[in-house]
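The values are calculated or read from the model by the stated rules, or taken from the named source; none is laboratory data. Treat the numbers as computed from the prediction; the structure is a model and nothing was measured. Positions of Cβ are generated from backbone atoms using ideal geometry, with glycine treated the same way; all protein chains shown enter the neighbour counts.
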Amino acid sequence: MRALDGRVIEGFTVVGRGLPVSLREVRSRLPQLIEDIKPSAVICLGLWPGEAAIRLERIGINVVDYEIPDNDGALVNDGAVASNGQEARLATLPLREIEAALLDEGTPARISSTAGTFLCNACLFTVLDVLAARAPQVPAGFIHLPYVPAQVAELIKSMRLEAALEFHQRADIASMELSRIINAVETAIAVTLKVRVRA
């Protein structure tokens, strides 16, 4: 997000903004960001531990169910992202085209049918819900990214210190170089904007 902020891609300027790991902030700040920026497309990003590929999320569900608290200390079980009654919303990014472009570049990528039930999903559902009401022509979606190698190295160091699990019991030891991740997001933006201009 920071690496691409301000970059011009396909004639559009990228605006990169971060959000805290907070359901309250996702619910309040995302609609405000959309109102302030008036984007031509929205691609949200988050991390999926253990993923070795770029995950293009297909669907956001109106469910919040945490196993760990968010940064506000909120621990929500069997809740709703929004109270509008909509059960789910499909991403409107050109997922197949993005996947094909990334694979052609040699970057592992796949379409995923679950963004989980933590804040990445809440972010995806909120963006799709807000845009459905305010700007349905704006394509939007969510991309889960792998850890970078330094994150995995820290994870392994901390795992060694804790001595709580054996190495083979961890399922989150996968990574991708940051430069490849940045290029993948840039490709996703470019493909989305090309398809939007054609539409």
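Points to keep in mind about this one:
- Among residues of the stretch 47-63 that are farther than 26 Å from Ala82 by Cβ, those with a beta-carbon under 9 Å from a residue that is part of a strand (DSSP E or B) and of a type in the set (D, E, K, R) at least six positions away or on a different chain give the pairs Ala53/Arg110; Ile54/Arg110.
- Any hit, the stretch 123-142, residues being free of Cβ contacts under 8 Å to residues at least 40 places away in the same chain, part of a helix (DSSP H, G or I) and surrounded by fewer than 20 Cβ atoms within 10 Å (Cβ to Cβ): yes
- Screening Leu30 against (1) closer than 22 Å to Val191 by Cβ; (2) touching a Ser or Thr at 6+ places or on another chain (Cβ under 7 Å) leaves a single unmet condition, (1).
- Residues in the stretch 100-111 that are in a strand (DSSP E or B), closer than 18 Å to Arg180 by Cβ and not basic (Lys, Arg): Ala109 alone.
One line per residue, one yes/no per condition, for (1) modelled with pLDDT under 95; (2) over 22 Å from Val191 (Cα atoms); (3) among the basic types (Lys, Arg):
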{"site": "Asn84", "(1), (2), (3)": "yes, yes, no"}
{"site": "Arg89", "(1), (2), (3)": "no, no, yes"}
{"site": "Ala101", "(1), (2), (3)": "no, no, no"}
{"site": "Ser112", "(1), (2), (3)": "no, no, no"}
{"site": "Thr117", "(1), (2), (3)": "no, yes, no"}
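- The criterion of at least 3 residues that are within 14 Å of the chain's Cα centre (by Cα), at negative phi and of a type in the set (A, V, I, L, M, F, W, C) is met, among strands (runs of 3 or more DSSP E) falling completely within the stretch 1-91, by 42-47.
- Any pair with Cβ under 6 angstrom, 6 or more apart, that starts in the stretch 69-87 at a residue that is touching a residue at least 24 places away in the same chain (Cβ under 8 Å) and ends at one that is β-branched (Val, Ile, Thr) and in a loop (DSSP other than H, G, I, E, B): Asp70/Val21; Asn71/Val21
- When Leu23, Leu33, Leu19 are screened for being farther than 12 Å from Leu119 by Cβ and either β-branched (Val, Ile, Thr) or surrounded by 12 or more Cβ atoms within 10 Å (Cβ to Cβ) (or both), only Leu33 passes.
- Selection from the stretch 36-79 of residues that are farther than 26 Å from Arg96 by Cβ and surrounded by 17 or more Cβ atoms within 10 Å (Cβ to Cβ): Val64, Tyr66, Asp70, Val76
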